[in-house]
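A quick write-up on the structure given underneath.
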Amino acid sequence: MPIFEYQCPCGLRFEANVSRSKREEPRVCSECGDTAFLTLPASVAGHFRKDVTGAGPQNTGIADLDAHIDRVIGKSAEQGWAVQEQRADEKRQVMASTGVSGGHLSRTVDGEYLPIGDAEKAAHERALAIHTAAMDWKTQQENKKRGPR
Ligand SMILES: [Zn+2]
């Protein structure tokens with residue numbers, strides 16, 4: 001039987017020998033008894049994991065629950081870093097195979113790195129400068145509206 005990997009919300013990740021037809025059935029975590037779900041292949045999961053990073057819940061005052069939440073947050077941060085490292089790896093590979101510098105790479109919405117020319121890079125920098133100026137202007141307008149403190 002093939003081996004599949006499961007992820008429990010408690011942070012435990014484990015493998016199980018399961019027939020292909022039953023791989024999507026949730027497993028019971030041996031550590032906490034919670035429901036563990038089949039993990040997606042790393043390349044696919046990487047795109048979803050972005051969503052789990054973000055503001056964590058506040059302290060609930062219930063020790064068991066907080067410890068559980070802390071583990072989930074810790075796991076989420078770990079997964080976030082894994083995605084970052086994977087991206088850096090992909091970037092290095094594209095740089096090595098195309099011979100362009102990191103400044104001449106653009107990331108598509110699909111997360112793919114593509115080499116860009118000087119003209120495209122200059123256009124990107126102009127767009128960024130316009131965006132920055134617009135954001136500065138917006139902040140100034142909001143500060144004016146707020147008045148002196
Ligand atoms: Zn568990």
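Please treat every number below as a calculation from the coordinates, not as lab data. Since the model is a prediction, treat every value here as computed from it, not as a measurement. Every residue, glycine as well, gets a Cβ built from its backbone with ideal geometry; the counts of neighbours run over all protein chains shown.
Summary of computed values
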read-out	value
Distance between modelled label sites at LYS91 and SER21, nm, 7 Å Cα→Cβ extension	4.7
Extended-chain gain in nm, criterion 0.36 nm per residue less alpha-carbon gap, LEU128 and GLU78	15.0 nm
Centre separation in Å (Cα based) which lies between the stretch 113-149 and the stretch 62-98	29
Net length gained if the chain between THR35 and VAL100 were fully extended (0.36 nm per residue, minus Cα distance)	18.8 nm
